[in-house]
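S.K.: Just passing along the structure, written as structure tokens.
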Amino acid sequence: MATSAHAYVRGNTLKFYEWLEASDSTLPQGPPVWICGDCHLGNLGPLADIDGRVDIQIRDLDQTVIGNPAHDLVRLGLSLAMAARGSDLPGVTTAQMIEQMIAGYSHGLEHPDQHVDVDDPMPESVRAVIKMSLNRKWRHLARERISDVNPTIPLGRCFWPLSAEEKTAIRLLFEDTALHDVVTGLPRHDARSTVTVRDAAYWMKGCSSLGRPRFAVLVEIREGDGRRFGLVDIKEAVQAGAPRSVVSMPRDNAERVVTGARAIAPFLGDRMRAARLLGRSMVVRELMPRDLKLRIDRLSRLEATRAARFLAGVVGRAHGGQMDDTLRRSWRDELNRGHATELGAPFWLWASVVDLVADHEAAYLEHCRRYALAEAA
């Protein structure tokens, strides 16, 4: 998190909502829909469905709740603003990015059934990731995640050994045939197809892994006379920090994540299942070679505004797909209300991003100070 201001944004979801609540900006109350809850650049990217088709969708739904869609817009706006600052772009460009965000979001809101095509207008950095995604196979995923295509998970810095109890629980989990369809496409093949656990390890994967169970499971899928391998991610689902609307949602956190994913990012949600493991609520999904994270480290002025429009369009489609025509029209009208004369975006969005950038910068520098002191100790 100390590597860059934008990395600090990604690692501070709960702090984001604290800052937002303390800010002077008054957000409109949008229609209650499933939102990402942690809508930053790194949580969007190419995803494959069970047929191998690829679309750009929201790819991390740990914080998903039925809530105010304005929260996703502000979170994305902050992420884009910090990416612009990290690219040494002027404040004028940030203002233009916020304008383009609203234009892209409004278009996505009105066209929720559109899917991204590699030939669509988009930033070149995004196009490059899509092309890479379309060319990836199992060997690419295996070398990237477990260092080799051999059916073992190498223990070390990222993968830690399991207890006997954990190994048994994971093996028993995959003996439940109801869970086998989480391995992509299995139900459509020979009924004699089997899934066998070949190896498993605790997965230390970033800040979200700290303090809660997360497992990487290497499975062998036998289909007729052939076989293939898959890598399954089992992750504990915990309570979301994003504010939620006063409506009914699944009480179980894994069920909440899976239900939200199916509403917001069906390419991913249809490949996820909720399960119980060692008394904990867990989300199970197979990692697909074509699933990738967007990494936009440096932006030119043109790329910045294109990225803002394109990525906000992805979020607009995710929200708009849950609304009927009347709700979409009402929410679009609300977004078009209250524009500052010199800015083609709602003033509440601009004011929120400005306030949050200031709070974030101060907190980031303090985090870096503490990190430097810890390194020197």
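The values are calculated or read from the model by the stated rules, or taken from the named source; none is laboratory data. Because the structure is a prediction, the values reported are computed rather than measured. Heads up, the Cβs are rebuilt from the backbone with ideal geometry, glycines too, and the neighbour counts pull from every protein chain shown.
S.K.: Got at least one residue in the stretch 319-341 being in a helix (DSSP H, G or I), without any contact (Cβ under 8 Å) to a residue 12 or more places away in the chain, closer than 28 Å to I35 by Cα and among the aliphatic types (A, V, I, L, M)?
M.R.: Checked the stretch 319-341: no residue is in a helix (DSSP H, G or I), without any contact (Cβ under 8 Å) to a residue 12 or more places away in the chain, closer than 28 Å to I35 by Cα and among the aliphatic types (A, V, I, L, M).
S.K.: Any chance you could count how many residues in the stretch 1-16 are more than 14 Å from A362 (Cα to Cα) and among the basic types (K, R)?
M.R.: Final tally of qualifying residues: 1.
S.K.: Which ones in the stretch 273-290 are under 24 Å from V315 (Cβ atoms), buried (at least 21 other Cβ atoms within 10 Å of the Cβ) and of a type in the set (A, V, I, L, M, F, W, C)?
M.R.: Within the stretch 273-290, V283, M288 meet the criteria.
S.K.: Also: Being charged (D, E, K, R) and over 20 Å from R53 (Cβ atoms) is the filter; apply it to the stretch 286-323 and report the residue that is modelled with the highest pLDDT.
M.R.: First, the residues of the stretch 286-323 that are charged (D, E, K, R): 286, 290-291, 293, 295, 297-298, 301, 303, 306, 309, 317.
Now drop any that are not over 20 Å from R53 (Cβ atoms), which leaves 295, 297-298, 301, 303, 306, 309.
Working: R295: 76, D297: 67, R298: 75, R301: 86, E303: 86, R306: 89, R309: 93.
Across the stretch 286-323, the extreme among qualifying residues is R309.
S.K.: For R53, work out the one condition from (1) under 21 Å from G104 (Cβ atoms); (2) surrounded by fewer than 20 Cβ atoms within 10 Å (Cβ to Cβ) it doesn't fulfil.
M.R.: The single condition R53 does not satisfy is (1).
S.K.: Out of the stretch 259-286, which residues are farther than 25 Å from K167 by Cβ and touching a residue at least 24 places away in the same chain (Cβ under 8 Å)? Working first, answer last.
M.R.: Of the stretch 259-286, the ones farther than 25 Å from K167 by Cβ are 259-270.
T259, G260, A261, A263, I264, A265, P266, F267, L268, G269, D270, listed by residue number.
S.K.: What is the number of the single condition among (1) assigned by TED's automatic domain parsing to the domain that holds G86; (2) touching a strand residue (DSSP E or B) at 6+ places or on another chain (Cβ under 7 Å); (3) farther than 30 Å from P31 by Cα; (4) not charged (D, E, K, R) that M323 does not meet?
M.R.: Only one criterion is unmet by M323, namely (3).
S.K.: Just to be sure I understand the filter: pairs with C-beta atoms under 7 Å, separated by 6 or more residues or on different chains, first member in the stretch 116-138 and closer than 19 Å to V315 by Cβ and assigned to a loop (DSSP other than H, G, I, E, B), second member of a type in the set (D, E) and at pLDDT 85 or above. Which pairs pass?
M.R.: V116/D55; P123/E303
S.K.: Return the total of residues in the stretch 147-183 being at pLDDT 75 or above, assigned to a loop (DSSP other than H, G, I, E, B) and β-branched (V, I, T).
M.R.: Summing the residues that are at pLDDT 75 or above, assigned to a loop (DSSP other than H, G, I, E, B) and β-branched (V, I, T) in the stretch 147-183 gives 2.
S.K.: Okay, next question. Scan the strands (runs of 3 or more DSSP E) fully inside the stretch 24-103 and keep the ones with 1 or more residues being closer than 20 Å to H115 by Cβ.
M.R.: Working: elements: 33-35, 44-48, 54-58, 65-67.
Fully inside the stretch 24-103 and qualifying: 33-35, 44-48, 54-58.
S.K.: Follow-up. Cβ-Cβ under 6 Å, sequence separation 6+ or interchain: first residue in the stretch 1-23 and of a type in the set (K, R), partner part of a helix (DSSP H, G or I). Which pairs?
M.R.: As it stands, the answer is R10/G42, since those pairs meet every condition given.
S.K.: Are any residues in the stretch 184-207 at pLDDT below 85 and surrounded by 14 or more Cβ atoms within 10 Å (Cβ to Cβ), and if so, which ones?
M.R.: Going residue by residue through the stretch 184-207, those that are at pLDDT below 85 are 184-195, 205-207.
Scanning the stretch 184-207 gives T184, G185, L186, S193, T194, V195, K205.
S.K.: Considering the stretch 214-240 alone, what residues qualify as being without any contact (Cβ under 8 Å) to a residue 12 or more places away in the chain and assigned to a strand (DSSP E or B)? Break it down into steps so the answer makes sense when it comes.
M.R.: Step one: of the stretch 214-240, the residues without any contact (Cβ under 8 Å) to a residue 12 or more places away in the chain are 225-227.
Within the stretch 214-240, G226, R227 qualify.
S.K.: Give the residues of the stretch 7-29 that are under 21 Å from A351 (Cβ atoms) and in contact with a Leu (Cβ under 9 Å, 6 or more places away or on another chain), sorted by residue number.
M.R.: Answer for the stretch 7-29, where residues must be under 21 Å from A351 (Cβ atoms) and in contact with a Leu (Cβ under 9 Å, 6 or more places away or on another chain): V9, F16, W19, L20, S23, S25, L27, P28.
S.K.: Right, next: Being surrounded by fewer than 20 Cβ atoms within 10 Å (Cβ to Cβ) and either modelled with pLDDT of 90 or more or within 17 Å of the chain's Cα centre (by Cα) (or both) is the filter here, so list the residues in the stretch 209-252 that pass it.
M.R.: Of everything in the stretch 209-252, those that are surrounded by fewer than 20 Cβ atoms within 10 Å (Cβ to Cβ) and either modelled with pLDDT of 90 or more or within 17 Å of the chain's Cα centre (by Cα) (or both) turn out to be S209, P213, R214, D233, V238, Q239, G241, M249, P250, R251, D252.
S.K.: Tell me, please, whether a residue that is at positive phi and either buried (at least 24 other Cβ atoms within 10 Å of the Cβ) or aromatic (F, W, Y) (or both) can be found in the stretch 84-92. Even if it seems obvious, please write down each step before you answer.
M.R.: The initial filter retains those residues of the stretch 84-92 that are at positive phi, namely 88.
So of that shortlist, the ones also either buried (at least 24 other Cβ atoms within 10 Å of the Cβ) or aromatic (F, W, Y) (or both) come out as none.
Looking through the stretch 84-92, none of the residues is at positive phi and either buried (at least 24 other Cβ atoms within 10 Å of the Cβ) or aromatic (F, W, Y) (or both).
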